[in-house]
Structures are given as structure tokens and as C-alpha cells.
Amino acid sequence: MRRISIWLPTAILFLALALAGCGGGGSSSSPSGTVTLALTDAPGSSYDNVFITVRSVWFHLVDTAPYDNLVASGWVRINLPAPKTIDLLALRNGNISQDLLNEALPAGVYRQILLFLSPTEDAVVPGAAALGLQYNNEVDAGGARYPLRIPNAAQGIKLAGTFAVEEGKPLRLVIDFNVGNDVVELRRAAGLEYLLKPRMTYFDLAGVGAIRGTVDPASAADNTALFVVKAESLNGTDNAFHVIHRATFIDNTGNFILYPVRVPAGSASTTYDVVLRGRGYNSVIVKNVPVVRDTRPNGTGASAPTVIPGIDMQSKKAAVADYDPSITVSPTGAWVQFYQTLPGAGEKPYVIRFRHADPFTGRIDTFPLSPEDIWWGNYDNSAVSLTQVTPVEGTGAFLVAADAPQHERSAYRTVTTAAPSADFALTVSNPPGSRTVAGNLIVPLAGLDNGVVFIGHGGIVVDAKPLSAAQVALGTHPFPTFTVPGGLFGFYGLEAFAWQEGGTALAAGIPRLVDVRASDDFVDVLMVGIVP
């Protein structure tokens with residue numbers, strides 16, 4: 001029997017998505033080009049499989065265009081003939097899925113994509129059933145199957161960026177997932193499940209290149225290391241820190257492929273710094289790795305990749321240290337990055353570790369950090385000479401900062417594996433012009449004593465507030481007020497669910513859309529009982 005968990009009411013979500021799927025695309029008489037769309041994935045993980053089921057893709061010329069279930073002015077909507085179920089873990093190390101769609105799209109410069117998945121809670125679609133799935137979106141780990149929840153599913157997963165569709169010309173796009181970072185474990189009273197918290201981007205395969213490399217076979221065979229390789233560059237706004245552009249894992253033969261890696265428009269090549277990290281190993285940074293644009297039509301593959309000569313990670317073995325204190329971030333949808341800086345003039349912090357907070361509690365608990373120094377060297381196509389150095393932060397020390405969509409990042413804090421501090425909090429600031437979202441929960445059933453209300457944007461949980469027994473009791477009660485960024489992007493989804501601790505009473509709120517682009521908003525959320 002398929003498990004029903006504490007989540008959105010299936011019938012309500014199905015209705016919202018059915019409405020979302022109504023309507024067609026752009027005018028067939030307008031000039032158009034052909035667009036193909038596929039998926040890829042970044043680092044490895046400890047999961048056996050991570051399945052998602054895609055049902056439709058929407059495109060818009062305006063990056064601030066809202067989506068509201070009933071009115072979707074200006075959206076080009078392409079419904080797949082049948083939902084496609086894809087194992088993201090089969091798409092690592094440069095692999096790309098079969099095309100989700102190959103369609104004519106009206107010519108223009110597009111700035112927004114919405115990816116809609118089949119509801120996790122609905123009856124399993126034929127493609128997923130053929131793979132033996134228990135849920136439309138599912139994580140398989142240790143021989144067990146778990147639901148992969150999609151917050152604000154009726155709003156789709158938003159990808160921002162710019163690509164041009166030209167009349168009569170083909171365009172090949174690839175959406176990049178990152179299972180290693182964006183699948184978040186949720187341990188609740190009802191059992192283990194997972195939530196997709198995506199920070200996705202997409203690539204035009206005519207504007208990318210590739211980096212290949214290897215590590216020694218003994219290190220590659222170390223299944224506990226979970227090596228991750230990242231292509232990083234300066235953030236581009238104030239160039240004060242590095243950001244990750246592409247990440248991958250090392251396979252069991254020692255090989256890794258960073259593909260696709262973006263090359264700026266108008267440039268034949270660019271450079272990235274490559275960071276290698278593994279549990280029980282010193283981190284390695286290879287600077288100034290060149291990436292050459294793939295010049296073949298439509299980006300048909302990784303052409304003439306840059307090759308990093310073999311890195312001997314065994315000689316850089318390190319102790320394994322768990323960072324024990326808990327970090328709490330606010331808002332709860334933020335993520336935390338751990339940086340280290342090479343010594344020398346002009347050096348800026350590199351991302352060594354990345355962690356999402358629990359989207360409902362904002363907590364990050366025990367996890368491993370390297371307690372030793374780092375190695376670095378400049379790229380050389382014959383051999384990379386590496387030198388061991390102590391980072392500016394100190395041996396086993398890291399700068400920590402939190403980020404969240406549309407917010408201003410937190411201040412830095414220094415942590416160390418040698419002398420961990422007590423639990424602490426990181427606050428991501430709301431920008432000027434932020435708005436408040438308030439309202440009531442209308443609860444028509446008794447017996448509930450716990451709950452959570454959360455607000456999301458583009459498929460990501462932005463913030464969540466716990467609900468007390470009094471706030472989910474029979475009657476009408478105000479829920480905690482949210483403060484979120486307003487302005488052009490101030491369009492959110494609000495959801496809630498509640499339960500009886502140790503009992504069987506379950507309820508979920510009918511999803512509400514919140515518009516704080518110009519002013520504060522106030523909404524009432526009707527809770528509906530769920531039959532377990």
C-alpha cells in the first residue's frame with residue numbers, strides 16, 4: 001500500500017496542477033526556432049536513486065512574470081505528451097538525459113523557465129510505475145523508498161536566466177540539478193522523507209566547455225571520501241568571494257568531468273579555479289584552469305576538454321573531524337557555505353563545503369570538515385605542482401556565511417574544528433522594501449497539536465514558522481507573520497500542515513498565493529483533513 005504522509009492534500013494539489021496545465025503555447029504563425037531541453041546533475045551522493053517526474057515546461061520573456069494557477073499571461077506552456085521519469089543520479093559526471101522536449105518556440109529573448117513535476121502524492125504515472133517506483137518523485141536509499149516532496153509544487157520550479165530563440169535556428173538547453181546539495185533529509189515523527197530544495201540553472205550547450213581530470217586509483221576506491229569537484233570563480237558583483245559554477249563527483253575509476261561549464265558570451269575561452277574535496281583528505285585547489293568553448297553546432301558534446309593531470313590524493317590524506325555545534329539560519333530557507341582563503345595578495349575565499357539548512361527548522365547539525373591545511377597550484381597541462389599551505393583562517397578553520405534568494409547575505413563568522421564554539425545563529429538580512437505576510441489559519445477539525453506554515457518562491461522554501469497547539473486548535477487563529485523581499489519578484493506561495501503528535505489526525509492548508517510586489521498581504525488559509 002502506498003504511504004500517505006503529512007503533506008499537501010492530494011486532491012487540492014491535483015486541481016491546482018490541472019488548472020496550471022490548461023491552455024496552449026504561443027501562436028504557430030509567429031517566427032520561431034526549435035528548442036530542445038534536457039537534464040543533467042552535479043555531484044554524487046549516498047543515495048541509490050533520485051527520481052523526478054516532469055510533466056510540463058513553461059517559458060516567459062519577462063523574468064518577473066508571476067504565475068497564479070488561473071491566469072498565466074504571456075507564458076508559453078508545453079505539456080509533455082506523457083510525464084517523463086528520470087533518475088538524476090544517472091546524469092552525473094557530464095551525462096545528459098534524453099530530451100524532455102523538442103518544440104518550436106516563438107522567437108525572442110526569454111528570461112524565465114518553470115519546470116513542473118508530477119505531484120509526489122498522486123497516483124504513480126505509467127513511466128514511474130514501469131520503473132517500480134512507489135512515488136512520482138522518490139529517493140531510494142539503503143533498499144528503502146522515500147517520498148521526495150516538492151514545496152509549492154503548483155507554482156513550478158523557477159529558473160532565471162537569459163537565452164535567445166532565433167527564427168529558424170535550433171537551440172539546445174540543459175537544466176542542471178544538484179542532488180548532492182539540493183535533496184534535503186527530513187526526519188519527522190511520521191518517518192524519514194526528503195524535500196527538493198533546488199537552486200537550479202540552465203546552460204545553452206553552444207556556450208559551454210568541459211574540464212576532465214583524474215585522481216589516483218586508491219583514493220578513487222575510497223567509498224567513504226565522497227569526493228566532490230567544483231569549478232569556481234569570483235562572484236562578479238564585488239568579486240569578494242568565489243561561487244560554484246559547476247560541480248561533479250569522482251567515479252570509482254578516479255575520473256571526473258565538469259560539463260557543461262559556461263563560457264561567457266562573446267568569449268572563446270575563460271578560466272576557472274577547480275576545488276577538490278573529500279572526507280578524510282586535504283582540500284586541493286588548482287588555479288587558472290582554461291575552458292574552451294565547444295564550437296560544434298548546438299553543443300553536441302564536450303569538445304576538446306581541458307585535462308587536469310592526475311592528482312595524487314593519497315599523499316594528502318587527512319584526519320576526519322566532525323563539526324559538532326548546531327548552526328541555525330534565518331530565514332529557514334537559507335543555505336550555509338564554508339570558505340577558506342589561500343594566503344597571498346588579492347586572494348578571496350573559496351567554497352569548500354555547502355549545506356542547506358533544514359527548511360522547516362533552519363538547523364544544520366553535525367557534519368565533517370577537514371581539520372588540516374590545504375594544497376594548491378597553478379594549472380599546467382603536463383603536471384600540476386601542489387604546495388601545502390595554511391589558509392588565512394588558520395588550520396582547520398573556516399569562514400561561514402549564509403545566503404537566501406533575494407536576501408542580503410549574512411555577516412561572516414569563523415569556525416574551527418580544533419576548538420568548536422557553542423551553537424550559533426546566522427541571519428540573512430531582508431533587503432530594503434521588504435513586505436509582511438500575515439493571516440489566519442481556519443481550522444475546522446479538532447485533535448491537532450503541532451504544525452508548520454511556510455512560504456516559498458520558485459520551488460524553494462524561503463521561510464517557515466512552527467505552529468503551537470493553540471494555533472492549530474479548532475477555530476480561527478493568526479499564524480506568525482513573515483517578512484519577505486517585495487518588489488518585482490515579490491510573488492510567493494503559502495502552505496501549512498498540522499498533525500497530532502503520536503496520533504492519526506492530519507491536516508494541510510489549501511495553498512495560497514501571496515503578492516507583496518507593491519504592498520503587504522493578508523491571507524486566510526483553510527485547513528483540510530487528510531485521511532492517513
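The values are calculated or read from the model by the stated rules, or taken from the named source; none is laboratory data. Predicted model only: the values in this text are computed from it and were never measured. A quick note on method: Cβ atoms are made from the backbone with ideal geometry, for glycine too, and the neighbour counts reach across all protein chains shown.
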Inset, instruction - Residue by residue through the range 432-442, note down the ones that are more than 25 Å from A507 (Cβ to Cβ) and surrounded by 21 or more Cβ atoms within 10 Å (Cβ to Cβ). - result: R435
Legend entry - Unique residue being farther than 18 Å from H407 by Cα, buried (at least 20 other Cβ atoms within 10 Å of the Cβ) and without any contact (Cβ under 8 Å) to a residue 40 or more places away in the chain when the list is I352, I374, I364, I327: I364
Inset, instruction - Considering only the range 91-116, state which residues are of a type in the set (G, A, S) and in a strand (DSSP E or B). - result: A104, G108
Inset, instruction - May I ask you to say which residue of T253, T237 is assigned to a loop (DSSP other than H, G, I, E, B), free of Cβ contacts under 8 Å to residues at least 40 places away in the same chain and closer than 27 Å to N223 by Cβ? - result: T253
Inset, instruction - Tell me, yes or no, whether the range 76-96 has at least one residue that is among the charged types (D, E, K, R) and within 26 Å of G209 (Cα to Cα). - result: yes
Legend entry - The listed residue being within 19 Å of F398 (Cα to Cα), touching a residue at least 60 places away in the same chain (Cβ under 8 Å) and more than 24 Å from the chain's Cα centre (by Cα), out of V292, V320, V274, V284: V284
Legend entry - Condition met for S429 (within 22 Å of the chain's Cα centre (by Cα), more than 20 Å from V351 (Cβ to Cβ) and surrounded by 12 or more Cβ atoms within 10 Å (Cβ to Cβ)): yes
Legend entry - Breaking point among (1) part of a strand (DSSP E or B); (2) within 24 Å of the chain's Cα centre (by Cα); (3) within 22 Å of G362 (Cβ to Cβ), for L441: (2)
Inset, instruction - For the range 360-388, enumerate the residues that are hydroxyl-bearing (S, T, Y) and part of a loop (DSSP other than H, G, I, E, B). - result: T361, T366, S370, Y379, S382, S385
Inset, instruction - Could you tell me whether the range 70-77 includes any residue that is of a type in the set (S, T, Y) and either modelled with pLDDT of 90 or more or under 19 Å from I157 (Cβ atoms) (or both)? - result: no
Legend entry - Some residue of the range 469-477 being without any contact (Cβ under 8 Å) to a residue 40 or more places away in the chain and at positive phi: yes
Legend entry - In the range 469-513, the residues that are within 19 Å of G447 (Cβ to Cβ), among the hydroxyl-bearing types (S, T, Y) and part of a loop (DSSP other than H, G, I, E, B): T504
Legend entry - Failed item, numbered, when T85 is tested on (1) surrounded by fewer than 22 Cβ atoms within 10 Å (Cβ to Cβ); (2) more than 30 Å from G490 (Cα to Cα); (3) under 23 Å from the mean Cα position of the chain (by Cα): (1)
Legend entry - Hey, G502 at positive phi and touching a Lys or Arg at 6+ places or on another chain (Cβ under 6 Å) or not: no
Legend entry - Single residue of S385, S370 found to be of a type in the set (G, A, S) and at pLDDT 95 or above: S385
